[in-house]
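J.: First the structure, which I've put down as structure tokens, then a few questions once you've had a look.
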Amino acid sequence: MNGASHTGASDDLRDVESCRNGNTEAYRRIVERYQQRIARMMWRFARDPETHEDLVQEVFIEAFQSLPTFRARAPFEHWLARIATHVGYRHWRMQARRAEIETVPLEDWHELTASDPEEMDAEKVAELLYGLIAQLPARDRLVMTLRYIEDRSVEETSRLTGWSVSMVKVQAWRARRKLEKLLEKACGGL
Amino acid sequence: MMNHENLLAKLISRARQEACPRVDVTRRVMAAIYSGQAALNPGVDALVWVAVASFAVAAPLAVFAFTGSQTWVDPLMAALVDLPGWLI
């Protein structure tokens, strides 16, 4: 595994250098290498397939434009994940400004309280969960997604968001409490 | 009945198992790059050089301005300094 990741890292560095020297075609290899990982990440930010694809594209375009700032101090994938986080967060903030957040229908919550989530369809559960998280402010959504859904460490979340470690801890704790209250309200409202 | 903390933990654990749609944005990204919509931004290095050049021009001007301002005298103070001689 180490060998594979080492090869991946050296491929990344070679391709980035190639792009900087004007060989744009090298960027195609980078996109092909990372698009499924970024797609998975962006699926947490946008669940509409069209918007999702737009966001994935946006991540790669922003990354291409920012290639001159890549210093290779951290793996390329981490750098790319950070750009993806910013693109996703910006999308949520714009969505909140346009008040485009959808709420989950009450009958869906009825199904949840009537059965065990572990026996339910994973897509359905994800739909409910993301619908609930969408009611939170963008900052809380971000920290909930990174810390609890993607199961990233506090340090990783801090690196991706640019927030301090203590800020991440406080924000994550508050966001989780808020989400539990929302869940209580959603289930209790039946 | 399951408490909400447990329910949330179960929801999160189940939601992680969902499949994500596969995408292929290679063609769109490369098209945007080739059409010039996405151009490489000047790196930090370029901005550092602009800052260094600006500083090189601004620093001597700031020194001249400061030394110049030291020679300025308040007209009121000048009048007061001259006053004893005028009285004599």
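J.: So, in the stretch A:50-94, of the ones that are small (Gly, Ala, Ser) and within 11 Å of chain B (Cβ to nearest Cβ), which residue ends up least open to solvent (accessible area, probe 1.4 Å)? Spell out how you get there, then give the answer.
T.: Initially, the stretch A:50-94 is screened for residues small (Gly, Ala, Ser), giving A:63, A:66, A:72, A:74, A:81, A:84, A:88.
If we keep only those that are within 11 Å of chain B (Cβ to nearest Cβ) too, we end up with A:63, A:66.
On the way: A:Ala63: 0, A:Ser66: 33 Å².
Step by step, filter the stretch A:50-94, then rank; the result is A:Ala63.
J.: Looking at A:Arg47, is it farther than 15 Å from B:Val25 by Cα, open to solvent by 30 Å² or more (accessible area, probe 1.4 Å) and either within 19 Å of the chain's Cα centre (by Cα) or modelled with pLDDT of 95 or more (or both)? Break it down stepwise before answering.
T.: Numbers: farther than 15 Å from B:Val25 by Cα: yes; open to solvent by 30 Å² or more (accessible area, probe 1.4 Å): yes; either within 19 Å of the chain's Cα centre (by Cα) or modelled with pLDDT of 95 or more (or both): yes.
It is true that A:Arg47 is farther than 15 Å from B:Val25 by Cα, open to solvent by 30 Å² or more (accessible area, probe 1.4 Å) and either within 19 Å of the chain's Cα centre (by Cα) or modelled with pLDDT of 95 or more (or both).
J.: Filter the stretch A:137-149 for residues that are within 14 Å of chain B (Cβ to nearest Cβ) and of a type in the set (D, E, K, R); which is nearest to B:Lys10 (Cα to Cα)? Please lay out each step first, then the result.
T.: First, the residues of the stretch A:137-149 that are within 14 Å of chain B (Cβ to nearest Cβ): A:140-141, A:143-149.
Within this subset, residues satisfying the condition of being of a type in the set (D, E, K, R) are A:140-141, A:147.
Numbers: A:Asp140: 19, A:Arg141: 18, A:Arg147: 15 Å.
Once the filter is applied, the top-ranked residue is A:Arg147.
J.: Oh, and also: Identify all residues within the stretch A:1-20 that are at pLDDT 90 or above and open to solvent by 60 Å² or more (accessible area, probe 1.4 Å); write none if there are none. Spell out how you get there, then give the answer.
T.: First, the residues of the stretch A:1-20 that are at pLDDT 90 or above: A:12-19.
Once the filter is applied, which keeps residues that are at pLDDT 90 or above and open to solvent by 60 Å² or more (accessible area, probe 1.4 Å), the stretch A:1-20 yields A:Leu13, A:Arg14, A:Glu17.
J.: Another one. Under 8 Å by Cβ, and 6 or more places apart or on different chains, what pairs join a residue from the stretch A:169-190 that is open to solvent by less than 50 Å² (accessible area, probe 1.4 Å) with one that is of a type in the set (S, T, N, Q) and assigned to a helix (DSSP H, G or I)?
T.: That search, which allows pairs on different chains as well, returns A:Ala172/A:Thr157; A:Cys187/A:Thr113.
J.: Just to be sure, is A:Val16 out of contact with any strand residue (DSSP E or B) (no Cβ under 7 Å at 6 or more places or on another chain) and at the interface with chain B (Cβ under 7 Å from one of its Cβ atoms)? Walk me through it before giving the result.
T.: Numbers: out of contact with any strand residue (DSSP E or B) (no Cβ under 7 Å at 6 or more places or on another chain): yes; at the interface with chain B (Cβ under 7 Å from one of its Cβ atoms): no.
Taking the combined requirement at face value, the residue does not satisfy it.
J.: Scan the stretch A:122-129 and tell me whether some residue there is open to solvent by 80 Å² or more (accessible area, probe 1.4 Å) and either modelled with pLDDT under 90 or within 14 Å of chain B (Cβ to nearest Cβ) (or both).
T.: If we filter the stretch A:122-129 for residues that are open to solvent by 80 Å² or more (accessible area, probe 1.4 Å), which is where we start, we get A:127.
Filter again for either modelled with pLDDT under 90 or within 14 Å of chain B (Cβ to nearest Cβ) (or both), leaving A:127.
Yes, the stretch A:122-129 contains a residue that is open to solvent by 80 Å² or more (accessible area, probe 1.4 Å) and either modelled with pLDDT under 90 or within 14 Å of chain B (Cβ to nearest Cβ) (or both).
J.: Shifting gears a bit: Confirm whether A:Arg37 is touching a residue at least 40 places away in the same chain (Cβ under 8 Å), open to solvent by 70 Å² or more (accessible area, probe 1.4 Å), facing chain B (nearest Cβ under 8 Å) and under 26 Å from B:Tyr34 (Cβ atoms). Walk me through it before giving the result.
T.: Numbers: touching a residue at least 40 places away in the same chain (Cβ under 8 Å): yes; open to solvent by 70 Å² or more (accessible area, probe 1.4 Å): yes; facing chain B (nearest Cβ under 8 Å): no; under 26 Å from B:Tyr34 (Cβ atoms): yes.
Criteria not met by A:Arg37.
J.: Would you check if B:Arg27 is at the interface with chain A (Cβ under 10 Å from one of its Cβ atoms), modelled with pLDDT of 90 or more and in contact with a Pro (Cβ under 6 Å, 6 or more places away or on another chain)?
T.: No.
J.: Sticking with this one: Look at the stretch A:157-166 and say how many of its residues are assigned to a helix (DSSP H, G or I), under 19 Å from A:Ile133 (Cβ atoms) and open to solvent by 30 Å² or more (accessible area, probe 1.4 Å). Steps first, answer last, please.
T.: We begin by selecting, within the stretch A:157-166, every residue assigned to a helix (DSSP H, G or I); these are A:157-161, A:165-166.
Next cut, under 19 Å from A:Ile133 (Cβ atoms) only: A:157, A:160-161.
Filter once more, so that each one left must be open to solvent by 30 Å² or more (accessible area, probe 1.4 Å): none.
Result for the stretch A:157-166: 0.
J.: Now a separate question. Scan the stretch A:150-172 for residues that are more than 21 Å from A:Lys185 (Cα to Cα) and within 14 Å of another protein chain (Cβ to nearest Cβ) and jot them down.
T.: A:Glu150, A:Asp151, A:Arg152
The values are calculated or read from the model by the stated rules, or taken from the named source; none is laboratory data. Predicted model, so just to flag it, every value in this text is computed and none were measured. Note: ideal-geometry Cβ built from the backbone for every residue, glycine included; neighbour counts use all protein chains shown. Just the protein is used for accessible areas: all its heavy atoms, side chains included, with ligands, DNA and RNA removed. Shrake-Rupley method; radii C 1.70, N 1.55, O 1.52, S 1.80 Å.
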